[in-house]
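Remarks on the structure that follows.
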Amino acid sequence: MNNLLLIILFGLWLFSSNTIAQSGYVYLDTGQPLEVRINDLISRLTLEEKVSLMMNSNKKIPHLNIPEYDWWNEALHGVARAGVATVFPQAIGMAATFEPELIKKVATAVSDEGRALYHESVKKNIRLRYSGLTFWTPTINIFRDPRWGRGMETYGEDPYLTSQMGVAYVKGLQGDNPKYLKTAACAKHFAVHSGPEKLRHEFNAVVSKKDLYETYLPAFKNLVYAGVESVMCAYNRTNGDPCCGHNYLLTEVLRGKWGFKGHVVTDCWALVDFYEGHKVTSNAVDAAVLALRSGVNLNCGSVFDPNLLTAVKQGLITEKEVDVALHKLMETRFKLGLFDPDELNPYASIPKSVVNSVGHRALARTVAQKSVVLLKNNGVLPLKKDLPRYYVTGPNASSIHALIGNYYGINDQFVTILEGIAGKVEFGSQIQYKPGTLLNRPNDNPIDWNSGDAKVSDATIVVLGITGMLEGEEGESIASPHFGDRLDYGIPSNQIEYLRKLKNNNPKPVVAVITGGSPMDLQEVHKLADAVLMVWYPGQEGGNAVADILFGDVSPSGRLPITFPMSIDQLPAYEDYSMQGRTYRYMDKTPMYPFGYGLSYTTFNYSDIKISKSSIRRNESAQVEVKITNSGKLPAEEVVQFYITPPVSKISQPKFSLRGIKRIKLNAGESAIVKFSITPATLELVDINGNSFVDTGKYTLHIAPAAPVERSINLGLQTPLSAVLNVKK
């Protein structure tokens, strides 16, 4: 067997050597250092070819045997836009699991499928957009305002949680091989980008240095330190300069302070905005020069080619500057193994059988289960599986749109919530179904049969909320009057009216299942329904996962990754990028549901909080622990959350900041000790100039089942446990 292996390896070497000898192309010699190979390739390109390779859609270069390649691909919650692939819960739903290691498993599955799909496409010489290995994900912008339609793509409002989830996703996408990238991940949209969608091509986000480094940049910094291969610059301006022409953000911070070694890609057609929207340049040539000089390597859109050629001819830039920018792009392609024989790349042998495999569908179901947030339960859940009659209704009960969100793949095994419930109810019980009302328009039919069905049923499950038709990216949300944003905040009024009819004079249980990717006004839903579940966009297995929760096969354990305000009146103006009054960290109003909130079918008791040291110096570490007991009757998982409140200071600081999360599973009556480390990084604060420091004084440590903010209603949560740590110089 060893001799056979030696013969095979010798044959590969001989083939490679002969190919190189015949072509004279050093860049094909896998034995050469990466730098040598890249420089050799660039030296063989004409200026026109170099510029063409700096566009997202690369034409083939016949004389070098370089095939066409399109850099644009998406994998926000599964390989998107490329045919059949496993569709996992939308990113905001994944964030609701509060479990980074689980999300790393998702990204590992996604990159497996991405690799398999890529190699199958190449075998058929299909090299279309959305077939490549460069995934423009994850979205790690801070979901600062619930009106932003693209908030569903993020991991919520908290920099720590966003960092944890984003790093996990990047590691799963890129793999751990020392030589090859499995796929290339992209941190987007850099930076200070979260609406309004309608104005994004001309909008200037004004932000203080403190908010910049305290809220908007930490996740990007952490992903850079985790080795993310690319960063996408945003459409808008930040403090006057367009993000794709921002010397401070791209050169001083990204490459200077953080040492980013990968490539920068523009959001698509963002450079056109330089002269059409932002008016910072007068034409496309100047836009191309500004972007290149600011650190952009790859242009998605239409500006670099041919305008960089014109700029070189006019002496505005040099060909050497083009070479330097191109070098980063070629490095990514080499690291992906695109110039090497497949036999040398371990990721090239991933079989196509992984795509939509049994294991990946099971993982999608697990993630969806753990993402479901139980917002209210007056005791009606979990439902029995053998009730005489169930009524399933609502505009999203049978909707695939309610499963997929945006940036989604296609699947031949989508399970709607109606189908999931139907598959769970025991044989002999009846299930009735009517949509009851439309997604976002009043039902003008004066005949009401639907509420009558609810009154004669033993349990009604009404699936309400929104879909990607009402929220999302500019141009995608075809039913949105606000370019995908949600300026009205509530769920459509016809749905609320329908819920009123279902519950009017009806003593039987009515369970509201809410779909969507953002906070919404659920005050009346909470008041009317006996139980409320927030299920996000739960992916292809969403119907099964929701049914698992409804009928008690799994206890709900999802947590809100974003605050649900009572109303828009509690928020600052949407266009205001100051964090004052926003998110659980700075909000001075009492929300409907706090960040981190979520109920279970059991109860958990927090007790015996202890700190290893009551006093430490600023450069020292300590540990805090708490005892968690499942004081109920069912096994379940709990998400234990660790927050800090800094000392009182002249410099305004966040009221609370998440600093640790741990998900644990306990049987009924079982206890566990949960510990969190306290390091200087745990206690870090930001001053008005954006500099990090550790303050002296009394830090309050909170361990709780949700953010320790004031609560507007009795949410059934235990009061947070707190302890004080004194920090000295």
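Among the residues of region 66-96, count how many are in contact with a Ser or Thr (Cβ under 8 Å, 6 or more places away or on another chain) and at pLDDT below 95.
Number satisfying all stated conditions: 1.
Could you list, in sequence order, the residues of region 666-681 that are within 22 Å of Ala723 (Cβ to Cβ) and in contact (Cβ under 8 Å) with a residue 40 or more places away in the chain?
Ser671, Ala672, Ile673, Val674, Lys675, Phe676, Ser677, Ile678, Thr679, Pro680
Only residues that are β-branched (Val, Ile, Thr) and assigned to a strand (DSSP E or B): list them for region 132-182, please.
Of everything in region 132-182, those that are β-branched (Val, Ile, Thr) and assigned to a strand (DSSP E or B) turn out to be Thr134, Thr139.
What number of residues within region 506-554 are closer than 15 Å to Val415 by Cβ, assigned to a loop (DSSP other than H, G, I, E, B) and of a type in the set (S, T, N, Q)?
1
Output the number of residues of region 202-215 satisfying the condition of being closer than 16 Å to Lys279 by Cβ and either open to solvent by 50 Å² or more (accessible area, probe 1.4 Å) or small (Gly, Ala, Ser) (or both).
Residues meeting the conditions: 1.
From the list Gly420, Gly428, Gly436, pick out the single residue that is of a type in the set (Gly, Ala, Ser) and touching a strand residue (DSSP E or B) at 6+ places or on another chain (Cβ under 6 Å).
Just one listed residue meets the conditions, Gly436.
Return the residues of region 680-729 that are of a type in the set (Ser, Thr, Tyr), in a loop (DSSP other than H, G, I, E, B) and surrounded by fewer than 20 Cβ atoms within 10 Å (Cβ to Cβ); say none if nothing qualifies.
Of everything in region 680-729, those that are of a type in the set (Ser, Thr, Tyr), in a loop (DSSP other than H, G, I, E, B) and surrounded by fewer than 20 Cβ atoms within 10 Å (Cβ to Cβ) turn out to be Thr696, Ser712, Thr719.
Given the criteria modelled with pLDDT of 95 or more, open to solvent by 10 Å² or more (accessible area, probe 1.4 Å), of a type in the set (S, T, N, Q) and not in a helix (DSSP H, G or I), does Asn222 qualify?
no
Kindly list, by first and then second residue, each pair from a residue in region 332-355 that is open to solvent by less than 50 Å² (accessible area, probe 1.4 Å) to a residue that is assigned to a helix (DSSP H, G or I) and among the basic types (Lys, Arg), limited to pairs with Cβ atoms under 7 Å and residues at least 6 apart or on different chains.
Listed by first residue and then by second, the contacts come to Phe334/Arg37; Phe339/Arg333; Tyr347/Arg115; Ile350/Arg115.
Of the residues Val84, Val122, Val51, only one is buried (at least 24 other Cβ atoms within 10 Å of the Cβ) and not small (Gly, Ala, Ser); which?
Residue meeting the stated conditions: Val51.
Looking at (1) within 22 Å of the chain's Cα centre (by Cα); (2) among the β-branched types (Val, Ile, Thr); (3) part of a loop (DSSP other than H, G, I, E, B), which is the only condition Val207 fails?
(1)
Starting from region 391-420, take each residue that is assigned to a loop (DSSP other than H, G, I, E, B) and list its partners that are among the acidic types (Asp, Glu) and open to solvent by 10 Å² or more (accessible area, probe 1.4 Å), counting only C-beta distances under 7 angstrom and pairs at least six apart or across chains.
Every condition considered, the pairs that remain are Asn406/Glu473; Asn406/Glu476; Val415/Glu541.
Mind counting the residues in region 370-402 that are of a type outside the set (A, V, I, L, M) and open to solvent by less than 30 Å² (accessible area, probe 1.4 Å)?
8
Select, from Val456, Val513, Val462, the only residue that is out of contact with any Gly (no Cβ under 9 Å at 6 or more places or on another chain) and hydrophobic (A, V, I, L, M, F, W, C).
Among Val456, Val513, Val462, only Val456 is out of contact with any Gly (no Cβ under 9 Å at 6 or more places or on another chain) and hydrophobic (A, V, I, L, M, F, W, C).
Among residues belonging to region 556-574 that are assigned to a loop (DSSP other than H, G, I, E, B) and polar (S, T, N, Q), point out the one that is nearest to Ala545 (Cα to Cα).
Ser557
Just need a number here: residues in region 356-369 that are hydrophobic (A, V, I, L, M, F, W, C) and surrounded by fewer than 17 Cβ atoms within 10 Å (Cβ to Cβ).
Total meeting the criteria: 2.
Starting from residues that are in a loop (DSSP other than H, G, I, E, B) and aliphatic (A, V, I, L, M), keep the ones in region 586-639 and report whichever is surrounded by the most Cβ atoms within 10 Å (Cβ to Cβ).
Met587
Just checking, which of Ser518, Ser493, Ser578, Ser557 is at pLDDT 95 or above and open to solvent by 10 Å² or more (accessible area, probe 1.4 Å)?
Of Ser518, Ser493, Ser578, Ser557, the one residue that is at pLDDT 95 or above and open to solvent by 10 Å² or more (accessible area, probe 1.4 Å) is Ser578.
Output the residues belonging to region 450-472 that are surrounded by 18 or more Cβ atoms within 10 Å (Cβ to Cβ), in a loop (DSSP other than H, G, I, E, B) and either of a type in the set (Asp, Glu) or out of contact with any strand residue (DSSP E or B) (no Cβ under 8 Å at 6 or more places or on another chain) (or both).
Gly468, Leu470, Glu471, Gly472
Count, please, the residues in region 371-429 that happen to be basic (Lys, Arg) and in contact with a Lys or Arg (Cβ under 9 Å, 6 or more places away or on another chain).
Residues that pass the stated criteria total 2.
Would a scan of region 476-492 turn up a residue that is in a strand (DSSP E or B) and in contact with a strand residue (DSSP E or B) (Cβ under 8 Å, 6 or more places away or on another chain)?
Yes, because at least one residue in region 476-492 is in a strand (DSSP E or B) and in contact with a strand residue (DSSP E or B) (Cβ under 8 Å, 6 or more places away or on another chain).
Does region 109-131 include one or more residues that are within 20 Å of Ile562 (Cβ to Cβ) and part of a loop (DSSP other than H, G, I, E, B)?
For region 109-131, residues within 20 Å of Ile562 (Cβ to Cβ) and part of a loop (DSSP other than H, G, I, E, B): absent.
Looking at Gly151, Gly166, Gly156, Gly172, can you tell me which residue is out of contact with any Ser or Thr (no Cβ under 8 Å at 6 or more places or on another chain), open to solvent by less than 10 Å² (accessible area, probe 1.4 Å) and touching a residue at least 40 places away in the same chain (Cβ under 8 Å)?
Result of the check over Gly151, Gly166, Gly156, Gly172: Gly166.
Looking at region 319-330, which of its residues are more than 26 Å from the chain's Cα centre (by Cα) and surrounded by fewer than 22 Cβ atoms within 10 Å (Cβ to Cβ)?
Glu319, Lys320, Glu321, Asp323, Val324, His327, listed by residue number.
All but one of (1) open to solvent by 10 Å² or more (accessible area, probe 1.4 Å); (2) touching a Phe, Trp or Tyr at 6+ places or on another chain (Cβ under 6 Å) hold for Pro138; state the number of the condition that does not hold.
Looking at each condition in turn, Pro138 falls short on (1).
Mind listing just one residue for me: the one in region 27-48 that is out of contact with any Leu (no Cβ under 7 Å at 6 or more places or on another chain) and among the charged types (D, E, K, R) and, of those, surrounded by the fewest Cβ atoms within 10 Å (Cβ to Cβ)?
Glu35
The values are calculated or read from the model by the stated rules, or taken from the named source; none is laboratory data. These numbers come from a predicted model, not from an experiment. Note: ideal-geometry Cβ built from the backbone for every residue, glycine included; neighbour counts use all protein chains shown. In case anyone asks, the SASA skips ligands and DNA or RNA and just uses the protein heavy atoms, side chains included. Shrake-Rupley method; radii C 1.70, N 1.55, O 1.52, S 1.80 Å.
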